[in-house]
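I have placed the structure first, in the form of structure tokens, so that the comments after it can refer back to it.
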Ligand code: SF4
Ligand code: SF4
């Protein structure tokens with residue numbers, strides 16, 4: 001496991017150009033230089049030089065980050081900001097009590113998911129029994145274990161394909177632990193997930209952009225596919241009974257949306273309206289919304305206004321955390337009629353005919 005001092009070179013690569021300020025959603029809301037990577041690097045540089053302590057205040061500033069990676073995309077020095085913040089948080093949390101680490105403990109987190117999963121099985125998760133030619137290993141993700149709406153939609157769509165869906169008891173992808181700096185727990189779930197991998201599959205499929213992004217850091221990258229990319233790669237026709245309009249919010253962890261135009265071309269009776277700033281973060285980002293509720297709501301409110309302005313019937317996405325963020329934004333604009341929020345897979349499963 002890397003230590004903060006191992007990143008000294010990367011931290012020093014920051015030229016203080018300030019380009020990250022122009023893209024950071026938290027900086028846009030707060031105007032606080034400590035919210036953006038440049039300010040955080042100044043503090044961490046002070047820690048490494050021994051001029052500053054890795055204090056509660058610095059940890060609070062580290063929490064003031066959505067881990068959206070927008071600053072990394074724009075950074076001329078290509079600094080992997082999130083890895084550095086996670087490591088700094090890990091070093092701080094090793095010496096201080098962290099409630100989130102307690103909630104993420106194997107005992108509480110895993111048992112909660114196990115119980116939820118059992119309850120869902122009792123109330124009927126869609127069965128999937130086909131032995132097709134494309135072998136898909138399903139990475140269910142934590143949200144589907146608790147509330148399998150998207151899982152059921154995916155299974156419905158896959159029933160129109162010649163596929164075999166292999167279900168294994170994967171743990172969480174690990175993103176919540178990374179965000180919290182709980183690197184030991186991350187290593188634990190990573191090890192468990194890797195142990196469950198066999199050679200007998202063509203793709204590992206997930207319906208969550210955050211799971212996809214995290215799995216790609218430790219599983220065979222070319223084998224991981226999100227459900228929307230899968231549909232785009234293996235086209236079908238989705239015929240909707242009545243005309244509907246949709247818009248799309250791009251989750252920060254989704255690397256590209258090449259699938260979108262391909263999928264829209266496969267849909268009959270669906271009209272797309274692009275929202276302003278469709279790539280802007282929804283402001284949720286799991287623990288960020290819990291630790292910084294005001295800023296999270298303010299970012300969500302702006303996002304929701306851009307969505308409402310389209311007048312679309314549905315806003316589509318590919319991430320359960322974004323689904324919560326979009327609902328949070330709509331709640332902050334409660335005077336306006338807003339579109340229904342759906343994972344794109346859930347939306348496609350609404351089609352009257354799939355051929
Ligand atoms: S864009 Fe990169 S190099 Fe420029 S200030 Fe931000 S972190 Fe530093
Ligand atoms: S990861 Fe996102 S929220 Fe965090 S500093 Fe970079 S741009 Fe800002």
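Observations
- Of 197, 165, 262, 254, all but one fail to be surrounded by 14 or more Cβ atoms within 10 Å (Cβ to Cβ) and assigned to a helix (DSSP H, G or I); the exception is 262.
- Count of region 43-93 residues which are over 20 Å from the mean Cα position of the chain (by Cα) and within 16 Å of ligand 1 (Cβ to nearest atom): 12
- Test for residue 84: is it modelled with pLDDT of 90 or more and part of a helix (DSSP H, G or I): yes
- Residue match in region 6-14 (condition: buried (at least 18 other Cβ atoms within 10 Å of the Cβ), more than 15 Å from ligand 2 (Cβ to nearest atom) and not in a helix (DSSP H, G or I)): no
The values are calculated or read from the model by the stated rules, or taken from the named source; none is laboratory data. A quick note: this is a predicted structure, and the numbers were derived from the prediction, not measured. Reconstructed Cβ throughout: ideal geometry from the backbone, glycine too, with neighbour counts over all protein chains shown.
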